[in-house]
Amino acid sequence: EGARRPLVENAVPSDITLDSSTRMLLITGPNMGGKTVTLKTVGLIALMYGCGMYVPARAAELPIVSNILVDIGDEQSIAESLSTFAAHLKNLNYILEKATPDTLVLIDELGSGTDPSEGAALAQSILKELLGRDARGIITSHLAPLKLFAMETPGLQNASMGFDLDALAPTYHLLVGQPGRSYAISIARRLGMPERIVVGAENILGPEGGKLERLLETLERER
């Protein structure tokens, strides 16, 4: 309860639960919204607790984990002939090999770096395997099929980072139980992308492309 990222001043606290019913949390939402920070917060708190340190939280009930399996950031390497996607796959192979019920799995931007459809299919298969191994963890992604997959899959729960629709700015609050919108076009407009480019993107996306985003927008407004 009230978990905060160490060394971040005035960090927004988050309540995070991983248990037998919610073994994996899928966090979606906008860029710059705090997804990766939340993921790293959980990993750092698990490490601090394992070292016998006090943890930055209002209250906590934690296990000692045997392993923290992580895929965060871009580890492409010219020397090792690894692209961004190949580097992710190398890490994911290791995670799948080592995942057990007493490991903590932290994967940032699962399914990214390749064709979105194939990336989403691969990500769903990886999540099924991790759930089958009864591992606990937090996954972040922007892929729409994963949001739908989490709605239908026992043990996997949607979560999102809050976003102020009026100010077009993140609130950094973790909202459990609801998938989040990516707001890519809105953020591009806010950061000064030429209006003709933004409008062009909206036209290319079309009414069908924005169907899930509009559904999520309605849910956010109702909430």
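The values are calculated or read from the model by the stated rules, or taken from the named source; none is laboratory data. These numbers come from a predicted model, not from an experiment. Cβ coordinates were reconstructed from backbone atoms using ideal geometry, including for glycine residues, and neighbour counts include every protein chain displayed. Areas reflect the complete protein model, heavy atoms only, side chains present, ligands, DNA and RNA absent. Shrake-Rupley method; radii C 1.70, N 1.55, O 1.52, S 1.80 Å.
Residues of segment 19-74 that are on the phi > 0 side of the Ramachandran plot, under 18 Å from the mean Cα position of the chain (by Cα) and free of Cβ contacts under 8 Å to residues at least 40 places away in the same chain: 73 alone.
Taking the criterion of being on the phi > 0 side of the Ramachandran plot and of a type in the set (A, V, I, L, M), the only residue of segment 1-18 that qualifies is 7.
Say we look at segment 79-101 and pick out the residues that are among the aliphatic types (A, V, I, L, M) and at pLDDT 90 or above; which of these is most open to solvent (accessible area, probe 1.4 Å)? Reasoning before the result, please.
Within segment 79-101, the first condition is being among the aliphatic types (A, V, I, L, M), and the residues that meet it are 79, 82, 86-87, 89, 92, 95-96, 99.
Among the residues that remain, those that are also at pLDDT 90 or above are: 92, 95-96, 99.
Numbers: 92: 14, 95: 3, 96: 39, 99: 6 Å².
Taking the candidates together, the pick is 96.
Considering every residue within segment 121-136, establish whether at least one is crowded, with 19+ Cβ neighbours inside 10 Å, in a strand (DSSP E or B) and touching an Asp or Glu at 6+ places or on another chain (Cβ under 9 Å). Scanning segment 121-136 turns up at least one residue that is crowded, with 19+ Cβ neighbours inside 10 Å, in a strand (DSSP E or B) and touching an Asp or Glu at 6+ places or on another chain (Cβ under 9 Å).
Would you pick out the residues in segment 150-168 that are assigned to a helix (DSSP H, G or I) and open to solvent by 20 Å² or more (accessible area, probe 1.4 Å)? Steps first, please.
First, pick out the residues of segment 150-168 that are assigned to a helix (DSSP H, G or I): 150-152.
Selection gives 151, 152.
Here residue 178 clears all of (1) under 12 Å from the mean Cα position of the chain (by Cα); (2) open to solvent by less than 50 Å² (accessible area, probe 1.4 Å) except the condition numbered (1).
For segment 194-218, give me each residue that is within 16 Å of residue 31 (Cβ to Cβ) and modelled with pLDDT of 80 or more.
Listed by number, the residues that qualify are 198, 201.
Restricting 104, 191 to those that are at pLDDT 85 or above and either touching a helix residue (DSSP H, G or I) at 6+ places or on another chain (Cβ under 8 Å) or open to solvent by 20 Å² or more (accessible area, probe 1.4 Å) (or both) reduces the list to 104.
Kindly evaluate residue 139 against the criterion of being part of a helix (DSSP H, G or I) and either surrounded by 14 or more Cβ atoms within 10 Å (Cβ to Cβ) or modelled with pLDDT of 85 or more (or both).
Working: part of a helix (DSSP H, G or I): no; either surrounded by 14 or more Cβ atoms within 10 Å (Cβ to Cβ) or modelled with pLDDT of 85 or more (or both): yes.
So residue 139 does not fit the description; no.
Here residue 34 does not fit the description of being buried (at least 19 other Cβ atoms within 10 Å of the Cβ), in contact with a Gly (Cβ under 6 Å, 6 or more places away or on another chain), of a type outside the set (S, T, N, Q) and at pLDDT below 90.
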